[in-house]
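*Asks:* Okay, handing you the structure first.
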Ligand code: FES
């Protein structure tokens with residue numbers, strides 16, 4: 001069930017952004033902007049969407065509330081209950097699973113003493129298992145808020161959590177220092193590119 005909360009409305013800054021999203025679509029097709037508007041509202045509302053927010057977006061886009069609920073309940077990028085300050089989304093789909101997602105889950109559960117779907121008592125971390133995050137080439141992968149942490153193992157996962165616990169900012173991207181998704185031993189193709 002989606003929880004209720006008092007009134008919600010966009011901040012003036014987000015209202016400008018919302019209207020920019022809407023202006024990308026032809027007149028009368030404002031409903032097409034429902035996804036970015038929900039995401040904007042979620043960020044403003046502390047990382048989750050409650051009934052007041054969903055109804056506000058429905059009104060804002062002149063669409064029925066049920067249509068907004070359908071979108072919000074379909075995609076895992078929308079949270080329908082409060083999440084911790086650091087929302088850890090752990091990919092468990094095949095490439096990440098083959099590359100050790102289970103041990104990453106173990107590292108998180110051991111370090112934070114929570115299970116899938118739970119939030120730490122201090123409200124700092126929530127763990128959610130999700131399907132493919134679209135970074136399979138650097139599996140296994142977790143997304144924490146808007147950052148991706150890739151090429152993980154148990155040790156690097158625990159280190160990242162430790163830094164977040166200390167309010168430090170861990171480096172995102174490959175934890176094996178790969179350049180994007182290039183081979184760890186350096187480039188194998190196009191190596192003469194740019195040579196005369
Ligand atoms: S399977 Fe994990 S990012 Fe695609």
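Just so you know, all these numbers are worked out from the coordinates, no wet-lab data involved. Small disclaimer: the values here were computed from a predicted structure and weren't measured. Cβ placement follows ideal geometry from the backbone for every residue including glycine, while neighbour counts extend to all protein chains displayed.
*Asks:* Once you keep just the Cα pairs under 8 angstrom separated by 6 or more residues, what percentage relative contact order results for region 12-74?
*Replies:* Details: 42 pairs, mean separation 16.1, N = 63.
Normalised by residue count, the contact order of region 12-74 is 26 percent.
*Asks:* A follow-up question, please. What do you get for the angle between helix 12-23 and the principal long axis of the chain? Use alpha-carbon atoms, 0 to 90 degrees, nearest ten.
*Replies:* In the chain, helix 12-23 runs at an angle near 90 degrees to the longest axis.
*Asks:* Mind checking which of 89, 42, 177 has the largest fluctuation in a GNM of the chain, springs on alpha carbons under 10 Å?
*Replies:* Among 89, 42, 177, the largest mean-square fluctuation in the Gaussian network model of the chain belongs to 177.
*Asks:* Relative contact order (percent) for the chain, with alpha-carbon contacts under 8 angstrom and 6 or more residues of separation?
*Replies:* After rounding, I find 15 percent.
*Asks:* By count of other Cβ within 10 Å, fewest leading, how are 34, 141 ordered?
*Replies:* 34, 141
*Asks:* Kindly provide the helix-only [θ] at 222 nm of the chain, computed as the sum of -39,500 (n - 2.57) over DSSP H runs of four or more divided by all residues, to the nearest 500 deg cm²/dmol?
*Replies:* Rounded to the nearest 500, the figure is -11000 deg cm²/dmol.
*Asks:* Now for a different question. Looking at the chain as a GNM with Cα springs under 10 Å, which of 124, 176, 29 has the largest mean-square fluctuation?
*Replies:* 29
*Asks:* Helix 51-60 sits at what angle to the longest principal axis of the chain, using alpha carbons and giving 0 to 90 degrees rounded to 10?
*Replies:* For 51-60 against the chain, the angle is about 70 degrees.
*Asks:* Something else: Helix 154-165 against the longest principal axis of the chain: what's the angle in degrees, Cα atoms only, rounded to the nearest 10?
*Replies:* Orientation of helix 154-165: about 50 degrees from the principal axis.
*Asks:* Turning to a different aspect of this structure: Would you list 8, 74, 125 from fewest to most Cβ contacts within 10 Å?
*Replies:* On the way: 8 17, 74 9, 125 23.
Lowest count first: 74, 8, 125.
*Asks:* Moving to a separate point now. I want the antiparallel fraction of DSSP beta bridges within the chain, as a percent rounded to 5. List each step's numbers first, then the result.
*Replies:* Values: 7 of 15 bridges.
Close to 45 percent.
*Asks:* If a paramagnetic tag sat 7 Å from the Cα of residue 70 along the Cα-Cβ line, which residues of region 23-54 would have the backbone N under 14 Å from that point?
*Replies:* Those under the cut-off are 31-32, 34-35.
*Asks:* Determine, from the Cβ-Cβ distance of residue 14 and residue 62 and an R0 of 22 Å, the FRET efficiency 1/(1 + (r/R0)^6), rounded to the nearest 0.05.
*Replies:* After rounding, the FRET efficiency stands at 0.75.
*Asks:* Can you put 56, 25 in order of Cβ neighbours within 10 angstrom, beginning with the fewest?
*Replies:* By the 10 Å Cβ count, ascending, the order reads 25, 56.
*Asks:* Oh, and also: Mind checking which of 166, 110, 131 has the largest fluctuation in a GNM of the chain, springs on alpha carbons under 10 Å?
*Replies:* 166
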